[in-house]
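Note sheet for the following structure.
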Amino acid sequence: MSATSNLKQEAPLWREHVTQWRDSGLTQAAYCRHHDLCPHNFSYHKRKYSTGLATVKHKPSGFVRVQILPEPPHHDPLSLHFTNGVRLIGITASNVSVVKQLAEMLS
């Protein structure tokens, strides 16, 4: 058997090893020890076949990605001053309907 045909037969085996290693979560050294592979040969084939393979699967860290939203601009709340001395303070967009009802009752 020629050296070229021998390499062609080994290519699928190395591709499979590289894929299995990526999915295993093991270090390269641990994977090579477990499968009795030469680490130098494994590294060579990993680089050779790395294009087009799935990315390394990482164990979840327990952290989640969050997006920090900008804080809305702070506005001092509005207040109403009635001629009879009554004041409504702290009027915001969320309580305008209540303030409207109070203002109708007080005016």
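Nothing in this text is a laboratory measurement; each read-out follows from the coordinates by a stated rule. Keep in mind that what you see is a predicted model, and the values were worked out from it rather than measured. Cβ coordinates were reconstructed from backbone atoms using ideal geometry, including for glycine residues, and neighbour counts include every protein chain displayed.
Okay, here's what the table says:
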| read-out | value |
| --- | --- |
| Segment 3-49 - Debye-derived log10 I(q)/I(0), Cα point model, q = 0.14, 0.26, 0.29, 0.32 Å⁻¹ | -0.31, -0.97, -1.14, -1.29 |
| Surface/4 estimate of mean projected area, convex hull on alpha-carbon atoms of segment 67-107, nm² | 3.5 nm² |
| Net charge over other residues, Cβ less than 13 angstrom from the Cβ of residue 106 (K, R count +1; D, E count -1) | +1 |
| Taking 83, 27 and counting other C-beta atoms within 10 Å, the order from fewest to most | 83, 27 |
| Residue-count net charge about residue 28 - beta-carbon cut-off 12 Å; Lys, Arg +1, Asp, Glu -1 | +4 |
| Protection proxy ranking of 88-94, 15-21 - average other beta-carbon atoms within 10 Å, highest first | 15-21, 88-94 |
| Neighbour-count order for 96, 66, fewest beta carbons within 10 angstrom listed first | 66, 96 |
| For residue 42, net neighbour charge (Lys/Arg +1, Asp/Glu -1) across residues whose Cβ lies under 13 Å away | +3 |
